[in-house]
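**Student:** Input: one structure, supplied below.
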Amino acid sequence: MNKVQFPEMRNELIESLRGLSDIEYQKRIWINARSEGSIQHDEFDYVVHFLFDDTSLATDPDSLIGVILKNFDEVAIIKPVIEALGELFDALGLDRTDEEYVKSTEWSSVVNAAKIAYAKISANN
């Protein structure tokens, strides 16, 4: 399958993965821009809402094949990202700041899983 029903949502997935995979971006936009009072329209919370609330990526990614994912390979690529985020939330809870999440020891697993997923899914776009 080469097409998806909602390419705009697929692009949002790719952008979410890009943000999760780039620690310098996270520090610059999610942490520093907010602490400096700059108005930014991106934060970790947006990524979490997209992956866990706005889609079924966290609960039933198979159902999104043909919708925003192209095939089962992409499902397999997304699962480690969701798992790493789940481990992060299990360890730290759901009410930490972006900075607390980014500086946690669990964060490197999130970034590494997102790097792999971002590279593979964006290359398949």
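The values are calculated or read from the model by the stated rules, or taken from the named source; none is laboratory data. Only a predicted model underlies this, so the values are computations on that prediction, with no experimental measurement involved. Cβ coordinates were reconstructed from backbone atoms using ideal geometry, including for glycine residues, and neighbour counts include every protein chain displayed. Areas reflect the complete protein model, heavy atoms only, side chains present, ligands, DNA and RNA absent. Shrake-Rupley method; radii C 1.70, N 1.55, O 1.52, S 1.80 Å.
**Student:** Once phi is turned into θ = phi - 60°, what whole-Hz ³J(HN,Hα) does the Karplus curve with 6.51, -1.76 and 1.60 give for every residue of region 75-81, x standing for Gly and Pro?
**Tutor:** Once θ is set to phi - 60°, the couplings for region 75-81 become 4, 5, 6, 6, 3, x, 5 Hz.
**Student:** Under a plain spin-label model, where a point goes 7 Å from the Cα along Cα-to-Cβ, how far apart in nm are residue 63 and residue 103?
**Tutor:** Using points 7 Å along Cα→Cβ, the separation is 3.8 nm.
**Student:** On the accessible surface of the chain, probed at 1.4 Å, how many percent belong to carbon and sulfur atoms?
**Tutor:** Working: 3370 of 6900 Å².
Whole-percent figure for carbon plus sulfur exposure: 49.
**Student:** Relative contact order for the chain using alpha-carbon pairs under 8 Å, separation at least 6, rounded to a whole percent?
**Tutor:** On the way: 119 pairs, mean separation 46.9, N = 125.
It comes to 38 percent, rounded to a whole number.
**Student:** While we're here: For the chain, what is the convex hull (Cα atoms) projected area averaged across all directions, in square nanometres?
**Tutor:** Mean shadow area of the hull around the Cα atoms is 7.2 nm².
**Student:** Determine how large the accessible area of residue 115 is when every protein chain is in place; take a 1.4 Å probe and give Å² rounded to the nearest 10.
**Tutor:** 110
**Student:** Separate question: Leaving out ligands and nucleic acids, and using a 1.4 Å probe, what accessible area per residue does the chain come to in Å²?
**Tutor:** Numbers: 6900 Å² over 125 residues.
Here the per-residue accessible area is 55 Å².
**Student:** Right, next: Lys/Arg Cβ at +1, Asp/Glu Cβ at -1, dipole of the chain taken about the Cα centre: which of 102, 20, 121 is farthest positive-ward?
**Tutor:** 121
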